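Have a look at the structure below before the remarks.
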Number of protein chains: 2
Amino acid sequence: MNESKKALAYFQSGGPTAVINSSLYGVIEEAKKHPEIGDILGAKYGVEGLINNDFVDLRSIPEEKIKLLQQTPGAALGSSRHKVSEEKGDFKAIAQTVQKNNIGYLLVNGGNDSMDTCFKLAELSRKNGNDLKVIGIPKTIDNDLAETDHSVGFPSAARHVMNMVKMVVLDASAYKEGKVVLVEIMGRNAGWLTASTDLLSDNERPDLIYLPESPFDEEQLLRDVKEIYEKKRFCVIALSEGIPVHHEILTKKDPFGHSSLEGVSSSLAKLIKEKLGIGVRSMELSTPERADPAFVSLTDRKEAIRCGAFAVKEVTAGQSEKMVAIKRISSKPYRVSYGLVDLAKVANAVKEFPKEWIVSSKELSNEFKDYLTPLCSKGIKVSLDKNGIIKSLNLLK
Amino acid sequence: MNESKKALAYFQSGGPTAVINSSLYGVIEEAKKHPEIGDILGAKYGVEGLINNDFVDLRSIPEEKIKLLQQTPGAALGSSRHKVSEEKGDFKAIAQTVQKNNIGYLLVNGGNDSMDTCFKLAELSRKNGNDLKVIGIPKTIDNDLAETDHSVGFPSAARHVMNMVKMVVLDASAYKEGKVVLVEIMGRNAGWLTASTDLLSDNERPDLIYLPESPFDEEQLLRDVKEIYEKKRFCVIALSEGIPVHHEILTKKDPFGHSSLEGVSSSLAKLIKEKLGIGVRSMELSTPERADPAFVSLTDRKEAIRCGAFAVKEVTAGQSEKMVAIKRISSKPYRVSYGLVDLAKVANAVKEFPKEWIVSSKELSNEFKDYLTPLCSKGIKVSLDKNGIIKSLNLLK
């Protein structure tokens with residue numbers, strides 16, 4: 001430990017994204033340029049690393065390995081959904097860790113819930129009168145963080161979702177007598193990711209798109225599916241995990257007597273099969289949505305790195321209780337700037353998909369297309385090992 | 001129609017692969033070089049196009065579009081699982097189509113079941129005394145075609161599966177208190193695809209690998225999961241859809257009173273949750289396994305194209321009732337040759353994963369690694385549209 005300098009600590013929080021480790025890369029590279037920063041500490045397993053004084057010395061990782069963070073899936077430092085609380089003694093433990101490691105700067109890379117944690121840590125520091133500065137780096141595939149044009153990680157997840165749904169549609173359309181296929185996409189509270197499938201062109205798009213923000217009418221859904229299937233002999237439905245289906249559809253008990261582990265797509269698949277007697281398949285795109293390096297958006301990766309670097313610059317300049325936010329200057333050409341917003345405004349807020357952008361269950365508005373297209377248009381190149389597997393860096397080993 | 005020349009017809013059959021359209025590309029490019037070939041006809045929806053005299057004129061597609069077949073997911077001409085039968089009048093209808101279009105050469109791009117169709121059509125032609133020559137082009141992600149070193153489409157699917165499972169493992173390992181995650185992979189009769197996850201290195205591989213060819217013992221599975229979870233606090237299981245679980249696990253009725261639509265992973269997830277009381281998630285990699293252009297293997301694509309071209313050369317040279325097969329000359333360096341094998345030996349046969357390559361439920365043999373590595377090591381570059389979506393060619397429009 002270097003006593004004359006302040007350490008910078010960083011942790012990852014909540015569900016990973018395909019570019020969360022690119023933000024970590026940006027943090028490390030920028031932090032190395034700052035002589036006022038001593039140790040660069042990566043907390044293991046999110047805030048738990050701070051509670052348990054469990055860190056990776058990020059300065060010690062060789063440069064050629066650090067580069068791999070840009071294509072490493074998952075949270076390279078581990079993550080956590082732990083809610084910090086006074087009763088559990090978390091704040092006391094964290095204060096001890098901060099003092100012990102001479103931490104002056106803390107960066108929290110996460111989504112809505114994590115920004116709440118970030119806010120609490122910043123508040124605590126202020127109340128304790130110590131000079132720990134705390135800044136949040138935005139991250140969520142759900143794109144539901146408030147006060148920023150978009151969330152880092154969303155464009156890459158959108159690229160994954162668009163391309164996977166295209167594959168599913170082409171697969172479904174390959175048979176003369178096809179099926180109804182339900183594709184469940186992440187998003188409990190906001191439908192941005194499911195909405196991205198609206199960018200697909202006519203013969204490769206889902207027939208129906210259901211977001212949590214869409215009105216949901218079971219009878220209307222069945223009528224639509226029937227009509228589409230009779231015309232095309234297949235029907236693909238893209239739906240968010242959080243669509244507001246009637247509670248009873250989801251709460252049926254399974255054969256073991258407890259509530260089903262199934263998602264909404266599986267439940268609706270049964271309903272459609274039962275009511276319409278058509279062949280049905282359901283699938284969840286699942287974990288790869290928040291991890292797939294092959295579909296990382298170049299813009300997203302660059303912004304992830306820049307948000308990380310920007311956070312380092314601002315926190316060392318004395319800023320605190322803020323989150324880095326992206327402001328869009330223009331869409332054509334695509335230009336953005338970076339700024340800071342109050343954590344208090346972001347913590348636990350949800351930016352829903354605008355209802356006025358929902359034209360119908362079959363189509364979204366052109367405003368949405370103009371918003372999304374520049375975020376996703378370019379891909380990246382990944383480097384592979386001898387088995388054809390994407391190389392990565394695991395800092396938890 | 002050119003009366004002095006014989007037409008070449010081609011159809012796609014069974015489930016698609018990520019490179020089935022690359023074989024179509026190879027067929028078209030090679031066929032154009034043969035002056036003895038008149039029309040180049042793509043049957044729509046597999047053998048149904050032959051029955052219904054429903055074709056795409058493949059000569060009329062511009063070259064820049066044809067190239068896109070190399071990265072087009074799904075079956076660009078449509079596919080079919082229709083079983084040809086005398087009773088339905090299929091053979092009579094096909095004979096009429098052949099005569100009407102002056103078809104002298106027929107290529108069938110498919111897996112085991114499709115090679116049976118291919119064999120029946122070849123037999124029919126011989127018995128009718130007409131000079132239709134029929135050759136099969138091997139294709140299946142399952143790698144279970146007999147008489148060939150490997151099946152075209154398998155290496156790309158294996159690359160997709162390996163990389164997706166790596167993402168799932170990294171995701172699962174990111175939490176201090178993780179879950180048991182079951183990943184279901186295609187393969188009803190053979191476990192080649194699930195086995196591919198054995199190529200992943202120590203911190204990114206599944207803890208348990210179950211193939212249809214593996215012994216399955218419920219008590220052993222539960223003991224293994226418990227032991228692994230207690231040590232690591234997470235556990236990832238890669239399993240084939242066709243693993244031989246006890247019938248009763250799968251046949252429980254769902255809340256609507258009919259058999260569940262669920263796969264084996266979902267059923268086993270419930271079992272593990274019930275018996276061990278640990279958090280469990282299950283997922284199916286599903287359709288993208290047989291479609292993902294982002295993980296196409298360069299070797300697989302080249303071989304797909306060459307198998308298509310080789311079939312054209314052989315069928316115009318008078319060969320019939322054969323399937324193109326790949327023979328491996330050496331693994332280090334990787335070298336293969338192409339030859340023909342009797343359709344009769346391939347039709348409906350299944351090449352299982354060798355039992356002697358299954359070391360335990362935790363590991364496969366080095367022989368398997370040496371077999372698979374050269375098939376998967378290199379990737380391809382894909383071209384994108386302005387929205388970041390992989391470009392493709394749909395011939396069914």
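The values are calculated or read from the model by the stated rules, or taken from the named source; none is laboratory data. This one's a predicted model, so the numbers in the text were calculated from it and none came from an experiment. No Cβ is skipped: glycine too gets one built from the backbone with ideal geometry, and neighbour counts run over all protein chains shown. Surface accessibility is based on the protein's heavy atoms, side chains included, excluding ligands, DNA and RNA. Shrake-Rupley method; radii C 1.70, N 1.55, O 1.52, S 1.80 Å.
Applying the criteria of a DSSP loop state and at most 12 other Cβ atoms within 10 Å to the trypsin sites (Lys or Arg not before Pro) of segment A:78-178 yields A:83, A:88. Backbone phi angles across segment A:178-194, fed through the Karplus curve with coefficients 6.51, -1.76 and 1.60 (θ = phi - 60°), yield HN-Hα couplings of x, 10, 8, 10, 9, 10, 8, 10, 4, x, 7, 10, 9, x, 3, 5, 5 Hz in residue order; Gly and Pro are listed as x.
What shape does segment B:1-137 have by the C-alpha gyration tensor, where a ≥ b ≥ c are the square roots of the eigenvalues, rounded means a/c under 1.5, and otherwise prolate means a/b greater than b/c and oblate the rest? The shape class here is oblate.
For chain A, the longest principal axis of the C-alpha atoms and the axis of helix A:112-127 are separated by about 20°. Comparing mean-square fluctuations of B:24, B:222, B:106 from a GNM of chain B with C-alpha springs under 10 Å, the top value falls on B:222. Across segment B:219-228, rounded Karplus estimates of 3J(HN,Hα) from the backbone phi angles (6.51 cos²θ - 1.76 cosθ + 1.60, θ = phi - 60°) give 5, 5, 4, 5, 4, 4, 4, 4, 5, 5 Hz, Gly and Pro being marked x. Per residue, chain A exposes 37 Å² of solvent-accessible protein surface, assessed with a 1.4 angstrom probe and all protein chains in place. Here is the interface size for A with B: some 6000 Å² of accessible area buried, both sides summed, with a 1.4 Å probe. Computed about its Cα centre, the charge dipole of chain A is approximately 980 debye, with only Lys, Arg, Asp and Glu carrying charge at their Cβ. Classified by the C-alpha gyration tensor, segment B:315-397 has an oblate form. Its axis ratio a/c, with a ≥ b ≥ c, is 1.5 or above, and a/b does not exceed b/c.
Under a model in which nothing but the beta-carbon of Lys, Arg (+1) and Asp, Glu (-1) is charged, segment B:47-134 shows a dipole of about 120 debye around its Cα centre. Of the heavy-atom accessible surface of the protein assembly as shown (probe 1.4 angstrom), what whole percent is carbon and sulfur? That share works out to 47 percent. The simple Förster model, with R0 at 51 Å and r as the Cβ-Cβ distance, assigns residue A:232 and residue A:59 a FRET efficiency of 0.30. With kT/(6 pi eta Rh) evaluated at 4 °C and eta = 1.567 mPa s, and Rh the Kirkwood radius from Cα pairs, segment B:184-230 diffuses with a coefficient of 110 µm²/s according to Stokes-Einstein. Let a ≥ b ≥ c be the square roots of the eigenvalues of the Cα gyration tensor of chain B; is it rounded (a/c under 1.5), or, if not, prolate (a/b larger than b/c) or oblate? The shape class here is prolate. Counting every alpha-carbon pair across segment A:92-218, the share separated by more than 25 Å comes to 46%. Considering only B:146, B:187, B:315, and ranking their Cα positions along the charge dipole of chain B that arises from unit charges at the beta-carbon of Lys, Arg, Asp and Glu, the one farthest toward the positive end is B:315.
If you take the alpha carbon atoms of segment A:56-111 and fit the smallest convex hull around them, that volume is 116 Å³ per residue.
Relative to the other identical copies, residue A:333 shows label-point distances of 4.4 nm, where the label point lies 7 Å from Cα along the Cβ direction and values run shortest first. Relative to the compact-globule estimate of 2.2 N^0.38 Å, the Cα radius of gyration of the protein assembly as shown comes out at 0.99.
Pairwise Cα distances in segment B:293-359 exceed 15 Å in 66 percent of cases.
Nearest to the axis that brings chain B onto chain A is this chain B residue, judged by its Cβ, with the distance in whole Å: B:294, 2. With respect to chain B, whose longest principal axis is taken over its alpha-carbon atoms, helix B:90-100 is tilted by about 40°. Listed by chain and number, the aspartates and glutamates whose C-alpha is less than 12 Å from the C-alpha of residue A:275, apart from same-chain residues fewer than 8 away, are A:218, A:219. Using all pairs of distinct alpha-carbon atoms, the Kirkwood hydrodynamic radius of segment B:97-150 works out to 12.0 angstrom.
Note on the protein assembly as shown: with charges restricted to the Cβ of Lys and Arg (+1) and Asp and Glu (-1), its dipole about the Cα centre is near 1660 debye. Placing a label point 7 Å from Cα along the Cα-to-Cβ direction at residue A:345 gives distances to the equivalent points in the other copies of 7.3 nm, listed shortest first. Rounded to the nearest 10 degrees, the inclination of helix B:264-276 to the longest alpha-carbon principal axis of chain B is 0 degrees.
Residues within the reach of a label modelled at residue A:384 (point 7 angstrom out along Cα to beta-carbon, backbone nitrogen below 20 Å), restricted to segment B:45-80, are B:68-74.
At the listed q of 0.19, 0.20 Å⁻¹, the Debye profile of segment A:1-82, built from one uniform point per Cα, gives log10 I(q)/I(0) equal to -0.81, -0.89.
In a GNM of chain A with a 10 Å cut-off on Cα contacts, which of A:276, A:211, A:285 has the highest mean-square fluctuation? Most flexible of the set in this elastic network: A:276.
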